Amino acid sequence: MSDRDAASPPPQGIEEEHWRPVAGWRRHASPLSLVVFGVVVALGLAGFLGHERDWTASEAGTRLSVHAPEVIRSGEFFEIRINVESDEQLDELVIGLSQGLWEDITVNTLVPAASEESSEDGEFRFTFAELAAGTQFLLKVDAQINPDIVGGNDGSVTVYDGDEELTSVAVSLTVLP
């Protein structure tokens with residue numbers, strides 16, 4: 001930079017107050033953004049912006065546990081874990097999820113994959129192999145909330161041995177905008 005450039009006058013309309021360093025309180029960013037960020041983090045840690053829950057049921061030696069978000073935001077990806085354990089051998093493990101529970105939810109992955117899938121009596125049914133007595137079975141579902149859900153979904157998860165219902169638990173998902 002030459003001495004001539006340093007001494008050049010600023011362009012027309014640009015005054016000294018436009019380029020002079022700001023002193024005092026005005027030179028810093030507003031602390032309001034930090035306060036808002038802190039409040040959002042605190043609400044999230046307290047569980048007000050979404051938290052997970054376990055729904056459980058146990059009947060006739062069969063235990064069912066569903067782990068999923070109880071409160072979730074629209075458009076968010078989430079995971080449901082369905083855990084089944086039985087004191088007796090199940091010849092054909094079938095897990096049924098009511099259609100109302102999965103309405104307007106996109107299912108991305110179901111692990112392990114069911115050997116047979118069907119829709120019966122208002123629920124989606126997933127058939128798996130036999131389950132030995134005392135063995136735990138874990139079904140992992142990765143899904144996403146579609147934006148058109150308003151309020152949430154309610155339904156149930158049911159465990160069958162073939163066509164015989166063993167136990168069931170009601171599940172409710174609250175969806176925030």
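We did not get these values from a lab; they are worked out from the coordinates using the rules stated. Keep in mind the model is a prediction, meaning the values are calculated, not measured. Positions of Cβ are backbone-derived with ideal geometry, glycine not excepted, and every protein chain shown enters the neighbour counts.
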ask   = Over the chain, what number does the Rg to Rh ratio reach, with both radii from the alpha-carbon atoms and Rh per Kirkwood?
value = 1.39
note = Given 31-42, 85-96, 120-131, the highest-first ranking by average Cβ count within 10 Å works out to 85-96, 120-131, 31-42
message = Between I14, I105, I149, where does the largest GNM mean-square fluctuation fall for the chain, given springs only between Cα atoms within less than 10 Å?
response = I14
query = What is the chain's relative contact order, in percent, from Cα pairs under 8 angstrom and six or more apart in sequence?
reply = 24 percent
Computed [θ] at 222 nm, helices only, for the chain once each DSSP H run of length n ≥ 4 contributes -39500 (n - 2.57) = -3500 deg cm²/dmol
